[in-house]
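Asker: Mind looking over this structure? Questions follow.
Just so it is clear, none of the values below were taken in a lab; they were calculated from the coordinates. Because the structure is a prediction, the values reported are computed rather than measured. Don't worry about glycine lacking a Cβ; one is built from the backbone with ideal geometry, like all the others, and counts go over all protein chains shown.
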Amino acid sequence: MKDKTDEIKATFPLKPYEGEQLPSPHLKYEDFEPEEETHLRDYLNIILRRKWVIIIFFVSIVLTVTISSFVMRPLYKATAVIKIDKENPNVLSFKDVEIVTPDEDYYETQYKILKSRNLARRVIEKLDLYNDPYFNPDSRPSAASMIFGSVKAALSSVFSTFGFPAGGGAEKPKEKKPDEDALNYFVDKFLGMSEIVPVHKSQLVQISFVSPNPALSQKAANAIAQNYIGFNIESRFDASQQASQFLEKQIDVLKAKLEDSEQKLNDYSTKNEMLFVDSGQDKQNIMSQSLSEISTALNTATTNRLQAEALYKQIRQSGKDNTVIVNNPLIQDLKKEYATVESEYFNNLKIYKPEFPKMKRLKAQMDAIKARIDHENRNIMLSVKSDYMASVRKEKYLASEFNTYKDRMLDFQKRGIQYQILKRDADANREVYNGLLQRLKQVSISSTQTATNIQVLDSAEYPNVPFKPNKAQNILLSVLFGLVGGVGLAFFLEYFDNTIKNTQEIENRLRLPTLGMIPHQKLTDPVKRPMIAHSKNRGPVAEAFRSIGTFIMLSSAQKPPKTILVTSPGEKEGKTTICINTAMAFSESLGNGLIIDADLRQPKLHHTFEVDNSIGLTTYLSGNMELEEGIVKKTAFNGLDIITSGPISPNPSELVVSRRMKDLLDSMSQTYEFIIIDSAPVMGMPDSIYLSSIVDGSVIVIKAGETSRHALMETKKIFKSINAKILGVILNGIRENDLKYNYYSNYYSSYFKEQQI
């Protein structure tokens, strides 16, 4: 067996094409490369893979919009532009009271009026839209009535030509005014056909009307503008009339109140002898001024009295040593004179005796000066006391005068309070009365005016081109939406597509080694499986199967697996085709091999190799035959034998998990160089689970774009739970659009260029 492995390595090198590197199956889970970042080419790959979704969506949208645009009834839109100046209602505004409407609220109100049902009803009635066939299709006369009317008109013309009375002329049908429910329906329809669009940051408003008839659109748009102006003038006139009536009633009420308040004022002034109101007011001002002056003088007298009192008390306590006395200029001069005479006296005392006449004269002079100083001290003290007493008397007098004036002022104010109340009431009534009279005159004048703050800037013109449908625009938008929507739908489907499409998902997400990829094959016979890897075929797909065989042989580090289970997570994933062609590739290099059809529910090998299936695996496992009795059958390929499934058993799972199955593998391993078992799918059946535990390794076949990641993950968990060895995964049915832009793409793209099966 070792020699055979060396021969495989020499025959199938890891680089079947020069310059290309195949992925190695000896990768451990931690050796897988991290998942590549999403590249722009990956998005392009999604678009190419789902191009039919994009094309179908694109064609559907474009065809639908195009047909609808050409089938749709054309609509015409006429637009009139009006200007609405700001207007503040000022019906009852006075000098100190003003009713102001904010700009935003005012304009919002005008927009609502333009879309109001009242205005719509006025326009409908003015234009008689009940009988307009474009607005009310029910008003259109029937074909029979039109023919009958034409015949009657022709007969009338003939009779009038020959002088007969034209009594057979067509009569004009009487117009019927709709009932309230029908009128509401017409109003709703009219509002639905009209559009009011304020121009941003301006006082302009666009009034549009959309209808199947261009003349109707023009006429209706202009009618809305004109009726809105008329409604505004009528509202202004009605408001003026209501204001006039209101003002007249208020004037009558205020006139009575004014007369009553003036009468009360006169009665009070007569009773309290307040005949000269203005003089009384002046007197009150003089009295207030006099009281203020007396109050100021009293405060000054009080201050002076406090100062004199303080000085008087200070002199009484300190006597002649007081600073007021000491600092007196006369006292200071006398003291200086006394000091001079005293100095002269003591100087002469050194020469003369005290009895000396000169000395006596100086002594008498000193005594006279001292007596004068004492006299002046007493005078100053008496002067301070006199000032103090005078300030006390002045303060008392001013306080008495202040109290007298205060009492007189309080008495005057008591009598004037009620007078002022009555006077203010009369003045207020007079002011309001005069204001209402003035406003009544203004309202009377404004009610005769027809000026309005609304003007038509642009009248609606006759629309020559339909507003809807815009065929070119619709088709262009449908093309744009079809492309964007188709691509979006493709990515949406891709997002929810949980199937495996390339080997990167197997290796990086599911952590399983990849043995190879097989391109998508178109089966010409739904029963037979294609046999590609025979010795005469050296094409790229056949080489892919040989490479897979090489990887399987090299998948074990100790010895190549001899018994190999080929299974898949679900049905119709190509495991039988993979099993046949891998066995054919093995037979070229390893020698004799055996294929066992262990799919006892849907066997297929006997159809492919065209051998009898009357006896086979089920007859052996059930104990009805032994190996030597012809269970093993030869095929048309040298070195490759098969054991077909045999008759379908009612309990295939019990047969597969029997002891005789393991005995069969042990016995055949002594005869053949390799054994490949084609088993039932893993999901929902125990056959492959048991077989994976008694073979050397298992190969899982999945189909690109059909097998989900969840199914492969569950298969991996099942095999790992029973310690079954997974040799790797074969990705079958790969398409060129599923290839990533790496060495897989470079290697396998040659399959699609050279051969499509």
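Asker: Tell me, Thr635, Thr514, Thr567 in order of fewest to most beta-carbon neighbours within 10 Å?
Answerer: Thr635, Thr514, Thr567
Asker: Could you please rank Asp407, Asp181, placing first whichever residue has the fewest other Cβ atoms within 10 Å of its Cβ?
Answerer: Asp181, Asp407
Asker: Here is a follow-up. What share of all Cα pairs of the range 603-665, in percent, falls into each consecutive 10 Å distance bin?
Answerer: 22, 54, 22, 1
Asker: Another question, then. Near Lys725, within a Cβ-to-Cβ distance under 13 Å, what is the net charge of the other residues, with Lys and Arg +1 and Asp and Glu -1?
Answerer: Cβ neighbours under 13 Å give a net charge of +3.
Asker: Taking the beta-carbon count within 10 Å as an exposure proxy, list Ile454, Ile730 from fewest neighbours to most.
Answerer: Going from least to most buried by this count: Ile454, Ile730.
Asker: Calculate, for Arg430 and Asn118, the FRET efficiency according to 1/(1 + (r/R0)^6) with r their C-beta to C-beta distance and R0 51 Å; round to the nearest 0.05.
Answerer: 0.75
Asker: Another one. Taking 24 Å as the cut-off for C-alpha to C-alpha distance, list the pairs among Lys83/Lys115; Lys313/Lys363; Lys86/Lys255; Lys604/Lys717; Lys633/Lys717 that go past it.
Answerer: Cα-Cα > 24 Å for Lys313/Lys363; Lys86/Lys255; Lys604/Lys717; Lys633/Lys717; rest within.
Asker: Something else about it: In a shell of Cβ-Cβ distance under 11 Å around Met72, excluding Met72 itself, what net charge do Lys and Arg (+1) and Asp and Glu (-1) give?
Answerer: With Lys, Arg at +1 and Asp, Glu at -1, the net is +3.
Asker: Within a Cβ distance under 13 Å of Ser211, other residues only, what is the Lys/Arg minus Asp/Glu net charge?
Answerer: +3
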